[in-house]
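*Asks:* My questions all concern the structure below.
Bear in mind these aren't lab numbers, they're just calculated from the coordinates by the rules spelled out. Predicted model only: the values in this text are computed from it and were never measured. Cβ atoms come from the backbone with ideal geometry, glycine included; neighbour counts cover every protein chain shown.
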Amino acid sequence: MFGKVLTTALLLEGPSLLVAGFPHIAEMVEKQRLESRIAPIAPFPEFPGAPSHATYNSFDAASQLVSTSGDHAWIAPGPGDKRGPCAGLNAAANHGYLQRNGIVDSDSINTGLWEAFGLDKTATIFLETATRFFDGDPVSGKWSIGTHSDATSSLGALGNVLGNETGICAYGHLKTEGDASITRGDWLAPTMNSNCESYPVFAQELEDLAVSMTGGNITPQVLAQHSSNRKAYSVANNPNYFSPAYAGIAFTFGAHMFAYELLANHSAEDPRGVLTPEVFESFFSYTRDSNNNMVFTFGHERIPDNWYKRADDDAWTLEDILLSTAQQCASYPSNCQVGGNTGTVNSFSGVDLGDISGGFINSVSDLSDPVRMGCFISQAIQADVPSFLDNVFNGAALTAATALIPTDLVPALAGLGSCPNLPAGKSVSEYSAPFPGALFANSGPRSGLDLNG
Ligand code: HEM
Ligand SMILES: *[C@@H]1O[C@H](CO)[C@@H](O)[C@H](O)[C@H]1NC(C)=O
Ligand SMILES: *[C@@H]1O[C@H](CO)[C@@H](O)[C@H](O)[C@H]1NC(C)=O
């Protein structure tokens, strides 16, 4: 099963004892690590997704200006309000495009993310449904955009005994949230290990990469390279790094594309959008200290004033997510390996894709076909959902949640493709054994549980 052991970037390990005693050496080693990168084997497109985006040339100020006043004024989250690893959901909640308490449902996601960002319903219906089953309560229809909340349960606080929904942060790890994020930590890394908090070193790395590639603005090509760099960094620094099929290959990369496609500012001069470092910092809750260093404040993500979302007839769709994720696999094949480190750094072992997909996918290059990518994601979600639900719910609550798989979850996967005769795939729990970072846990001494109460 683990016959195909694939190696990714093997970055030089510094002598760690020496490093611990001499912080400036640690910094130097860190810098070297950040600078080592794997170049794409085929260029990642300047305009990923459907070809129509590359030539889109219209702008309508009235429909594209996003309100940041009145009902949509920015208000910082209060005590008990949930915020988490997603810059977009946090910003939308801070501006009332989603529930300000961070407990969301299909209505608010499908309406709010269209109004605020131009994320098409084909995408939100799929993402919301998968997240509701993975991280929320399929019966109440609610999930937390941060850590666990009693408010997502159909049974209220008492329901925790029958089901303790994780939310997308902390114990939601490897369901929707994954390692090697744009700026969030790997949850089981030795340091910088909140999977909800953003770390300035990674945000600065992205901005520095943008300077070297474009002069400063953040583009899809910068983000694709950053994604590859972040995975190489995790392989070289996190003994517990793990990348499952959905959270690791599709979702994390999908978020990398969202950072440009949904956060760039549009105008008549730049109808395809521009993402300056300033706009990025506002959306990612960064300010500058007196030395001009980046400072992250948890949960203060903000839609800038005078910001114009993408045009309605140029929306980012589920098809765009599949196309760009497949384009990633063509440019950065090592990004598309399922697998992880086996307890030490630089021990990445790839899982045999043929084995976990019932022979449907046989190599990473199969994943550069967007049709196969869609079916691979659908297969992974259907394989994982029963065990994810089983980890969270008991008794009658488990029965009720499981009963909704055929009626609520499966129809929402239709947008991933029709996939005739798709064999059953394997769930993460069936291939996690060699990977300490792949073992699910519901409690333990882990980081980031206390964010926003
Ligand atoms: C139903 C819709 C959505 C869900 C369920 C969702 C969930 C998530 C999750 C779980 C992460 C963490 C991923 C990781 O570990 O790498 C994430 C990250 C991210 N999301 Fe979302 N998201 C949604 C919509 C959006 C939208 C609309 C935007 C942009 C407007 C967005 C932008 C981002 C960005 C930029 C990150 C990366 C943050 C970082 O690594 O610092 N997301 N999202
Ligand atoms: C529910 O899970 C959270 C962590 O996600 C934990 O803090 C809490 O104690 C759990 N509650 C119950 C009743 O198990
Ligand atoms: C977006 O672009 C327009 C046109 O260039 C500009 O007037 C506006 O200030 C920009 N918005 C932000 C937040 O940078």
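*Asks:* Amide H to amide H under 5 Å from G339: which residues, 5+ apart in sequence or cross-chain, H placed 1.01 Å off N in plane?
*Replies:* For G339, whose amide H was placed from the backbone, the distant partners under 5 Å are S243, V351.
*Asks:* Quick one: putting +1 on the C-beta of Lys and Arg, -1 on the C-beta of Asp and Glu, what dipole do you get for the chain around its Cα centre, in Debye to the nearest 20? Walk me through the numbers before you get to the answer.
*Replies:* Working: 22 positive and 46 negative charges, 156 e Å.
Dipole magnitude for the chain comes out near 760 debye.
*Asks:* Taking 28 Å as the cut-off for C-alpha to C-alpha distance, list the pairs among K142/K231; K82/K309; K82/K121; K82/K426 that go past it. Don't skip to the end; give the middle numbers.
*Replies:* Numbers: K142/K231 31 Å; K82/K309 25 Å; K82/K121 24 Å; K82/K426 32 Å.
Violating the 28 Å Cα-Cα cut-off are K142/K231; K82/K426.
*Asks:* Just to confirm my numbers, what's the Cα centroid distance between the range 189-236 and the range 270-345 in Å?
*Replies:* 10
*Asks:* Using the Karplus curve 6.51 cos²θ - 1.76 cosθ + 1.60 with θ = phi - 60°, what ³J(HN,Hα) values do you get for each residue of the range 57-64, in whole Hz, with x for Gly and Pro?
*Replies:* 9, 10, 8, 10, 3, 4, 7, 9
*Asks:* Most exposed first by the Cβ proxy, i.e. fewest other Cβ within 10 Å, how do R288, R230, R372 rank? Don't skip to the end; give the middle numbers.
*Replies:* On the way: R288 10, R230 24, R372 21.
Sorted ascending by nearby Cβ count, the order is R288, R372, R230.
*Asks:* Can I ask one more? Could the peptides 168-177, 214-223 be put in order, highest first, of the mean number of other beta-carbon atoms found within 10 Å of their residues?
*Replies:* 168-177, 214-223
*Asks:* If we count other beta carbons within 10 Å of each Cβ, what is the order of E430, E128, E261, fewest first?
*Replies:* E430, E128, E261
*Asks:* A further question follows. Please give the calculated 222 nm ellipticity per residue for the chain, where each DSSP H segment of at least 4 residues contributes -39500 (n - 2.57) and the sum is spread over every residue; nearest 500 deg cm²/dmol?
*Replies:* Working: 16 runs with 167 residues, N = 453.
Helix-only estimate at 222 nm: -11000 deg cm²/dmol.
*Asks:* Classify the range 165-295 from the C-alpha gyration tensor, please: rounded if a/c falls under 1.5, else prolate or oblate depending on whether a/b exceeds b/c.
*Replies:* Numbers: a/c = 1.78, a/b = 1.49, b/c = 1.20.
Prolate shape, in that a/c is at least 1.5 and a/b is the bigger ratio.
*Asks:* Another question, if that's okay. Please compute the contact order of the chain in relative form: average sequence separation of alpha-carbon pairs under 8 Å and at least six residues apart, divided by the residue count, as a percent. Don't skip to the end; give the middle numbers.
*Replies:* Values: 915 pairs, mean separation 100.2, N = 453.
22 percent.
*Asks:* Report the Cys residues of the chain lacking a disulfide-compatible partner, meaning no second Cys Cβ under 4.7 Å from their Cβ.
*Replies:* When partners are defined as cysteine Cβ atoms under 4.7 Å apart, the chain leaves C86 without one.
*Asks:* Sticking with this one: Could you pull out every whole DSSP H run in the chain that spans at least 30 Å of Cα extent along its own axis and averages -0.5 or higher on the Kyte-Doolittle scale? Provide the component values of the computation, followed by the final result.
*Replies:* Numbers: long enough: 370-392 (32 Å, 0.51).
Helices passing the filter in the chain: 370-392.
*Asks:* Amide H neighbours of F44 under 5 Å, counting only residues 5+ apart in sequence or on other chains, H built in-plane at 1.01 Å?
*Replies:* none
*Asks:* Ranked by Cβ crowding within 10 angstrom, fewest neighbours first, how are S106, S228 ordered? Before the final figure, lay out each step's value.
*Replies:* On the way: S106 18, S228 26.
The order, fewest Cβ neighbours first, is S106, S228.
*Asks:* Calculate one ³J(HN,Hα) per residue across the range 292-298 by plugging θ = phi - 60° into the Karplus curve 6.51 cos²θ - 1.76 cosθ + 1.60, and present them in order as whole Hz with x for glycine and proline.
*Replies:* Running phi through 6.51 cos²θ - 1.76 cosθ + 1.60 with θ = phi - 60° gives 6, 7, 6, 10, 9, 10, 4 Hz.
*Asks:* Calculate the radius of gyration of the Cα atoms of the chain to one decimal place, then report Dmax, the largest Cα-Cα distance, as a whole number, both in Å.
*Replies:* Just the Cα atoms of the chain yield Rg and Dmax of 20.7, 60 Å.
*Asks:* In addition: What are the ³J(HN,Hα) values, in whole Hz, obtained from phi via the Karplus relation 6.51 cos²θ - 1.76 cosθ + 1.60 with θ = phi - 60°, for each residue of the range 348-355 in sequence order, with x given for Gly and Pro?
*Replies:* 3, 10, x, 7, 5, 4, x, 5
*Asks:* Right, here's the next one. Putting +1 on Lys and Arg Cβ atoms and -1 on Asp and Glu Cβ atoms, find which of L188, A255, L209 reaches farthest to the positive end of the dipole of the range 185-273.
*Replies:* Working it through, the farthest residue towards the positive pole turns out to be L188.
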